[in-house]
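Right, one structure below, let's go through it.
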Amino acid sequence: MIKEVIHEVFPGIFKIHIKGEVFLATLNLTRGRKVYNEQLFEIEGKEYRSWNPTRSKLGAAIIKGLKTIPIKPKTTVLYLGVASGTTCSHISDIVNETGHIWGVDFSERPIRDLIENVTRYRKNITPLLNDARQPRSYSIQVPMVDTIYADVAQPDQALIVIKNAKLFLKKSGSIILVIKSRSVDVSKNPNEIYASQIQILKDAGFSIKEVIDLDPYEKDHALVLAKFS
Ligand SMILES: C[S@@+](CC[C@H](N)C(=O)[O-])C[C@H]1O[C@@H](n2cnc3c(N)ncnc32)[C@H](O)[C@@H]1O
């Protein structure tokens with residue numbers, strides 16, 4: 001019989017070795033329920049959801065060697081650009097019932113899908129149909145958080161996360177910014193765009209901890225981990 005090997009790479013985040021393949025995975029908070037047709041694995045009485053790095057930039061960054069991740073059980077997260085919840089569902093598994101996520105998106109369709117398929121079952125996510133450029137519009141619902149995750153694919157993506165950090169990020173908090181270089185300028189080299197967005201974060205008082213190029217999982221994207229210095 002072939003035995004699976006499970007290795008917890010970060011609290012709540014696993015690598016499962018099974019039949020010669022390695023899957024990134026999280027413990028399913030909603031047993032038996034899938035979010036984006038991911039594979040489910042039943043191992044020693046626990047159910048794991050495979051985390052597809054081609055569908056989730058945070059998953060890609062972990063596979064590509066992210067060294068620290070400011071998301072673990074009990075973490076509170078403000079998620080900008082939550083869409084229909086693919087990545088958010090894994091964050092929901094990780095922070096579990098002891099943490100919480102406030103998920104902002106300004107498009108009605110993905111928020112509707114998020115509510116129907118994800119937040120109906122996962123009580124640790126609050127969906128918010130709002131524009132992340134207007135953080136005061138949701139300041140009554142959102143408390144100070146440990147981590148802000150931003151994946152809005154907008155030309156002013158760094159400024160959006162800074163605006164939100166000023167209102168909602170705890171002093172010791174972290175931000176994770178996904179930079180989509182083509183949203184800023186399609187004609188420029190992605191590395192130039194990453195450097196310019198990172199400079200905007202530094203000028204706002206953040207220190208940069210890690211930068212991960214997401215190629216080949218997401219071309220022309222980088223993930224930046226930063227903290228208030
Ligand atoms: C690349 S998708 C996010 C994918 C998602 N993070 C995931 O990994 O599952 C970008 C999302 O950001 C949203 N968005 C873009 N600009 C926004 C803004 N100013 N305020 C709120 N949401 C925004 C879009 O509607 C879209 O759903």
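The residues of the range 117-170 that are near the ligand (Cβ under 9 Å from one of its atoms), under 20 Å from residue 61 (Cβ atoms) and in contact with a Gly (Cβ under 8 Å, 6 or more places away or on another chain), listed by number, are 150, 151, 152, 153.
For every residue, the table says whether it meets (1) closer than 26 Å to residue 97 by Cβ; (2) polar (S, T, N, Q).
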{"position": "121", "(1), (2)": "yes, no"}
{"position": "143", "(1), (2)": "yes, no"}
{"position": "149", "(1), (2)": "yes, no"}
{"position": "155", "(1), (2)": "no, no"}
{"position": "161", "(1), (2)": "no, no"}
{"position": "164", "(1), (2)": "yes, yes"}
{"position": "170", "(1), (2)": "yes, no"}
{"position": "174", "(1), (2)": "yes, yes"}
{"position": "183", "(1), (2)": "no, yes"}
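Annotation: of all residues in the range 56-101 being at positive phi and small (Gly, Ala, Ser), the one that is surrounded by the most Cβ atoms within 10 Å (Cβ to Cβ) is 85. Here residue 47 meets the list (1) in the same structural domain as residue 218 (by TED's automatic domain parsing); (2) more than 23 Å from residue 172 (Cβ to Cβ); (3) touching a Leu at 6+ places or on another chain (Cβ under 9 Å) almost entirely, failing just condition (1). Among (1) among the charged types (D, E, K, R); (2) farther than 20 Å from residue 157 by Cα; (3) buried (at least 22 other Cβ atoms within 10 Å of the Cβ), where does residue 105 come up short? Residue 105 satisfies every listed condition except (2).
A single entry from 156, 113 fulfils the requirement of being closer than 22 Å to residue 55 by Cα and acidic (Asp, Glu): 113.
Within the range 69-97, residues that are assigned by TED's automatic domain parsing to the domain that holds residue 150 sit with their Cβ atoms under 6 Å from residues that are among the charged types (D, E, K, R) and more than 9 Å from the ligand (Cβ to nearest atom), at 6+ positions apart or across chains, in these pairs: 75/146; 76/146; 84/113; 92/122.
Does the range 75-97 include one or more residues that are part of a helix (DSSP H, G or I) and more than 16 Å from the ligand (Cβ to nearest atom)? Steps first, please.
Kept after step one, since they are part of a helix (DSSP H, G or I), are these residues of the range 75-97: 86-97.
Still in the list and also more than 16 Å from the ligand (Cβ to nearest atom): 96-97.
Yes, there is a match, as at least one residue in the range 75-97 is part of a helix (DSSP H, G or I) and more than 16 Å from the ligand (Cβ to nearest atom).
Residues in the range 185-229 that are within 22 Å of residue 63 (Cα to Cα) and in contact with a Lys or Arg (Cβ under 7 Å, 6 or more places away or on another chain): 208, 209, 210, 212, 214, 218, 220, 221, 223, 225, 226, 227.
In the set (1) out of contact with any Asp or Glu (no Cβ under 6 Å at 6 or more places or on another chain); (2) more than 23 Å from residue 11 (Cα to Cα), residue 99 fails one condition alone, (2).
The values are calculated or read from the model by the stated rules, or taken from the named source; none is laboratory data. Here the structure is a predicted model, which is why all the values come from computation and not from measurement. Cβ atoms come from the backbone with ideal geometry, glycine included; neighbour counts cover every protein chain shown.
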